[in-house]
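Structure, as structure tokens:
Where a number appears in this text, it was derived from the coordinates with a stated rule and is not lab data. All figures in this text were calculated on a predicted structure; none of them were measured in a lab. Backbone-built Cβ (ideal geometry, glycine too); neighbour counts: all protein chains shown.
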Amino acid sequence: MALTLHGTVSDNTAVLARPVGKPIIINGNMAVAQRAHGSVTGLGDGDEGYVTVDRIRHTIGGTTAGRFTSTQEFVNDIPGFNESLNINCTTADTSIAAAEYFALEYRIEGQDLAHFAKGETTAKPFTFAFYAKANAGFDFAVGFRDLDNARHCSGALFTTTTGWTRHVIQIPADTTGNFTNDANESLRISIILHAGSNFTEGTLATAWAGYNDANEAPGIDSIFSSTDNFISITGLQLEVGDYDINSIPHFQYESYGENLQRCKRYCQSTFSEGTDIGSATSAGIIITCAAGTGTGRVATGHQFPVSFRAAPTIVIHNQSGGTTGSGRNGDTGGLITMSAGAASTSSGHFENSETFGNDGAQLQFQFSATSEL
Amino acid sequence: MKPLGINTINTVKKISMGGDINTLKVVDTANDVRFVPIAETDDSGNLILPNTDYLAVLEWAAIDGNTIAEAD
């Protein structure tokens, strides 16, 4: 079959240059939110990790008075996107201590970055693009950190507007330091929204260099400067190659199902799509029957539908919601302390860890499992 | 549920599953219970693909006064 090019060769360069079939960034359109749909409030009193939309980490450093709400927000004012991640300041912090830090992070396994050829003489530049809007014009930073070689580069600050703006940040090639070929974190992309002097007292690292926290975010504003503040982001996109706002390829869509399957390498649960992990529901419960009354006499295995990045941490939930670490006796309705373990990337094991008492009765439980970067 | 870290881990105890001790029961400061797999080591003693929670437990356990309790 012949390949037909439309327009000039340069018009087609962007599409032809993309070396992988799938978008590097998973869930860049913020469509999947397994942990919590809608809003999670009161965030900021410590590192928050993964909160709402999958794959986007809410990283807090130091002790900030700032608090925020994270929301998977449905949007209708940006063509081509249905969801965004919204960060809304609910408590201001205008006295910023040196170690304070808040960033939205995307972390990538080293084995998925071979085509960057980082550390080689043929290393490729890359480009990060995303859409953002805020309540006002703020300068924020995007940091790129090589965890394997303790190096970083910040590209340039970006300035928000009150409408959706597509920001395109070019990162030069780095001929120093290969990404390690494994399932651990090698590249961290950080959209830095708040930082103390530890991260701002230097000069923005616009070229790759040994990691120096002082050069991560000089010149940025703070999302915590006022409770009027918010920022929304979507359309996160990472491309190998050097692109600008005119040449950056279109955002590469995946079907929701494909997107969800890729997210499950890092987070899975028995809860239904659209139901927050840990909710009080019997939909999706695993049921196993007692083969005796003692500890470990109600047991079952579970094969994960997608292999995890690493053997996952497992949390057991029950259909009453709230308490973790317990299942439910189907006859009595009482909670039964359970254990999970012997987990591999492919399967896990569950059993009762206190006397069950009702031979033949059902043990009912839900679980969530995570192996995030 | 906040990520495990030196400020969010309350207690850690080894548990046996399938006849082997391969898991840690971790209770955090919010009283949530997590089961964290113990990473295996290679011949040189290097951890084989530990998950980030296991690394957090090791960091917590390295602080004086923090102890991983043995299995029953």
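Peptide A:260-268: average number of partner chain Cβ atoms within 10 Å per residue?
0
Through the Karplus equation 6.51 cos²θ - 1.76 cosθ + 1.60, θ set to phi - 60°, convert the phi angles of the range A:55-63 into ³J(HN,Hα) values in whole Hz; use x for Gly and Pro.
Couplings: 6, 9, 8, 9, 9, 10, x, x, 10 Hz.
Using alpha carbons only, how many degrees (0 to 90, rounded to 10) separate the axis of helix B:52-61 from the longest principal axis of chain B?
Around 70 degrees separate the two axes.
Mind checking which of A:A214, A:A311, A:A283 has the largest fluctuation in a GNM of chain A, springs on alpha carbons under 10 Å?
Among A:A214, A:A311, A:A283, the largest mean-square fluctuation in the Gaussian network model of chain A belongs to A:A283.
For the protein assembly as shown, what is the largest minus smallest coordinate of the Cα atoms on each principal axis, given in angstrom and ordered from greatest to least?
So the extents along the principal axes, rounded to whole Å, are 73, 63, 51.
Which whole-Hz couplings ³J(HN,Hα) result when phi for each residue of the range A:220-229 is put into the Karplus expression 6.51 cos²θ - 1.76 cosθ + 1.60, θ = phi - 60°, listed in order with x for Gly and Pro?
After applying 6.51 cos²θ - 1.76 cosθ + 1.60, I find 7, 8, 10, 5, 8, 6, 7, 6, 6, 7 Hz.
Would you please give the residues with an amide H less than 5 Å from that of A:C289, counting only those at least 5 places away or on a separate chain, with H modeled from the backbone geometry?
A:L363
What longest range of chain A stays clear of loop-exposed GluC sites (Glu not before Pro) (DSSP non-H/G/I/E/B, at most 16 other C-beta within 10 angstrom)?
After excluding every exposed loop site, the longest remaining stretch is A:1-119.
Over chain B, with a Gaussian network built from C-alpha contacts below 10 Å, which listed residue (B:D53, B:D20, B:D32) shows the highest mean-square fluctuation?
Among B:D53, B:D20, B:D32, the largest mean-square fluctuation in the Gaussian network model of chain B belongs to B:D20.
For the range A:258-273, just list the computed ³J(HN,Hα) in residue order, Karplus coefficients 6.51, -1.76 and 1.60, θ = phi - 60°, integers in Hz, with x standing in for Gly and Pro.
5, 4, 4, 4, 5, 5, 5, 5, 10, 8, 9, 7, 8, 6, 5, 4
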